[in-house]
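To start, the structure under review is shown below, and the notes come after it.
The values are calculated or read from the model by the stated rules, or taken from the named source; none is laboratory data. Remember, it's a predicted structure, so these values are computed and weren't measured experimentally. Counting neighbours? That spans all protein chains shown, and the Cβs are built from the backbone with ideal geometry, glycine included.
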Amino acid sequence: MSAEKRERDRKGKVKISNILLALIGTLFIFCVSVYLVLNIRQIYYFDINFLKIDKETGLDDWIIRENYDILIDYNLVTKQVGELQLPSFPMSDAGRIHFEEVRRIFFAIQYAGAACLLLFAAGFAHRFCRKDFECLKLTALFSAVIPLTVGAAIAVSWQKIFVLFHELVFQNDYWIFDPVTDPVINILPDEFFFHCAAAILLFILIGSAASGILYRMLTQIRRRK
């Protein structure tokens with residue numbers, strides 16, 4: 001094998017590795033975005049008044065917040081909450097199972113985010129030593145695709161996307177709550193989830209932009225040397 005051919009093969013392998021690293025970076029941006037929105041409780045606090053949740057349910061603001069906070073803590077790895085107990089709402093067996101399924105998804109996202117951070121940091125450290133920053137450019141491009149495609153779909157029909165998401169993620173219909181047996185659904189209107197989805201897409205765009213900016217900065221520094 002000629003030296004020239006070996007060089008071409010080497011560059012091809014680097015390109016593939018950069019793509020893989022960029023996919024890890026994109027997944028990390030997604031996981032972080034979900035985690036941030038899950039923790040920014042002010043989104044829901046704002047919606048209590050904006051969507052008139054308190055007036056629609058007849059519940060005091062502090063009662064709604066208390067139950068929402070418990071629900072969020074239940075989905076955070078760091079809180080290590082055991083069984084979900086909402087002080088103001090009864091739950092059916094189906095409702096409890098659904099919340100357990102949601103918790104497993106959020107836990108998986110949080111663990112995946114931590115794993116992606118370690119993998120991307122290790123991979124990028126190696127690329128940094130070689131002054132190869134292509135993975136950042138690819139991460140910016142890949143992560144930009146998510147909000148653009150999903151955002152366009154949501155703009156066409158949020159309700160269809162909302163239903164399709166649940167049908168794909170959950171293997172049952174427990175996500176269809178009966179307000180009589182699971183009145184907690186009354187404080188979780190669809191519009192709130194729309195706001196969360198929009199916030200997640202916004203954070204992904206920010207992550208994409210940050211990756212692109214960092215790529216430009218490092219590339220310019222490399223060229224000056």
Review point. Inside the range 44-68, can you point out the residues that are farther than 13 Å from V184 by Cα and either crowded, with 16+ Cβ neighbours inside 10 Å or of a type in the set (D, E, K, R) (or both)?
Key: Y44, D47, I48, L51, K52, K55, D60, D61
Check your understanding: Is there a residue being more than 16 Å from the chain's Cα centre (by Cα), surrounded by fewer than 16 Cβ atoms within 10 Å (Cβ to Cβ) and at pLDDT below 95 anywhere in the range 130-141?
Key -> yes
**Study point:** Residue count for the range 169-181, restricted to those that are surrounded by fewer than 11 Cβ atoms within 10 Å (Cβ to Cβ) and over 13 Å from E101 (Cβ atoms)
**Key:** 2
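For (1) loosely packed, with under 14 Cβ neighbours inside 10 Å; (2) outside any helix (DSSP H, G or I); (3) among the aliphatic types (A, V, I, L, M), each residue gets a yes or a no:
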| position | (1), (2), (3) |
| --- | --- |
| H98 | no, no, no |
| R103 | no, no, no |
| A108 | yes, no, yes |
| F120 | no, no, no |
| H126 | yes, no, no |
Point to revise | Spans of helices (runs of 4 or more DSSP H) in the range 1-65 with at least 2 residues at pLDDT 95 or above, more than 20 Å from the chain's Cα centre (by Cα) and among the hydrophobic types (A, V, I, L, M, F, W, C) | key: 42-50
Practice item. Note down all Cβ pairs under 6 Å where the first residue falls in the range 189-217 and is more than 18 Å from L38 (Cβ to Cβ), the second is in a helix (DSSP H, G or I) and of a type in the set (S, T, N, Q), and they're at least six residues apart or on different chains. Key: S208/S143; S211/T139
Practice item. Please find, within the range 69-88, the residue that is surrounded by the fewest Cβ atoms within 10 Å (Cβ to Cβ) out of those that are of a type in the set (D, E) and free of Cβ contacts under 8 Å to residues at least 24 places away in the same chain. Key: E83
Review point. Within the range 213-221, is even one residue at pLDDT 95 or above and out of contact with any helix residue (DSSP H, G or I) (no Cβ under 8 Å at 6 or more places or on another chain)?
Key: yes
